[in-house]
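The values are calculated or read from the model by the stated rules, or taken from the named source; none is laboratory data. Just so it is clear, the structure is predicted and the values come from calculations on it, not from any experiment. Methodologically, a virtual Cβ is constructed for each residue, glycine included, from the backbone with ideal geometry; neighbour enumeration extends over all protein chains shown.
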Amino acid sequence: MSSPDGAPDEGNIVQALGHRRYVGGRWDEIGRLQFDYLLAEGLGPEQVLLDVGCGALRGGIHFIPFLNAGHYLGVEQEPLLVSAGLSQELPAALRDRKRPEIVISSEFEFERLSRRPDYAIAQSLFTHLTPDRIAQCLRNLRCFVDERPCRFYATFLEAETPVENPTSSNPREAFLYTRDEMERLGERTNWAAQYLGDWRHPRGQMMMVYTN
Ligand SMILES: C[S@@+](CC[C@H](N)C(=O)[O-])C[C@H]1O[C@@H](n2cnc3c(N)ncnc32)[C@H](O)[C@@H]1O
């Protein structure tokens, strides 16, 4: 289960665990939660949504039927998750009708998408990233949306005081940040950061929103 450099091969781990378990389980609950939350925050079918680290479409299976065709965008580093989501979780007729657009990338290459989003969400992505990688994601999205108003919702595991996280991003390790750290990361990358806090996540993740 490892690549030539000794790092575990995530594709093998996806296959061993199954795509639902790999992204953390509680499939129906956490999928529905994201959808209900963004609807309450004003998301409508005519808006364009970007799902950063969309995984196997745990949220996507709720967003895709709701949004207009072509209005669901995803970016994800693990191709096996995306193919499992598209082939096993989303009915083929719905996929053909709604045409979700998903870019496989680990470098937050949002410019590869054909549209700019009005809303974006990163559900349980920053919980696995170092501050540099979070900043890369925020910076690249800020450049991509440019003048178009965008609300970027991002969940995180909150610590009361700064903690020593692992030194490299890892999809199977938990990274904790303080509210202040999350706000500063946004400000450093030219977003206005607002702490929204508890959004009823079953594992206690908190919500930030970054606006331009
Ligand atoms: C805990 S899962 C959550 C997936 C999805 N947001 C959900 O709610 O089911 C985190 C996802 O982020 C993806 N990810 C981690 N680092 C990434 C990166 N640098 N670029 C794109 N995706 C990344 C992982 O492959 C995984 O699918």
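A compact table of results
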{"quantity": "Criterion violated by S114 - all others in (1) within 15 Å of the ligand (Cβ to nearest atom); (2) more than 20 Å from D36 (Cα to Cα) satisfied", "calculated": "(1)"}
{"quantity": "Hits in the range 20-56 (condition: at positive phi and touching a Leu at 6+ places or on another chain (Cβ under 6 Å))", "calculated": "G53, G55"}
{"quantity": "Out of S124, S106, sole residue that is surrounded by fewer than 18 Cβ atoms within 10 Å (Cβ to Cβ) and outside any helix (DSSP H, G or I)", "calculated": "S106"}
{"quantity": "Residue within the range 91-99 that is surrounded by fewer than 16 Cβ atoms within 10 Å (Cβ to Cβ) and of a type in the set (D, E) present", "calculated": "yes"}
{"quantity": "Test: residue in the range 188-200 that is modelled with pLDDT of 95 or more, closer than 15 Å to E41 by Cβ and assigned to a loop (DSSP other than H, G, I, E, B)", "calculated": "yes"}
{"quantity": "Unmet criterion (only one of (1) away from the ligand (no atom under 11 Å from the Cβ); (2) at pLDDT 95 or above; (3) among the charged types (D, E, K, R)) for D9", "calculated": "(2)"}
{"quantity": "Leading residue by the ranking (surrounded by the fewest Cβ atoms within 10 Å (Cβ to Cβ)) among those in the range 127-154 that are β-branched (V, I, T) and over 12 Å from the mean Cα position of the chain (by Cα)", "calculated": "T130"}
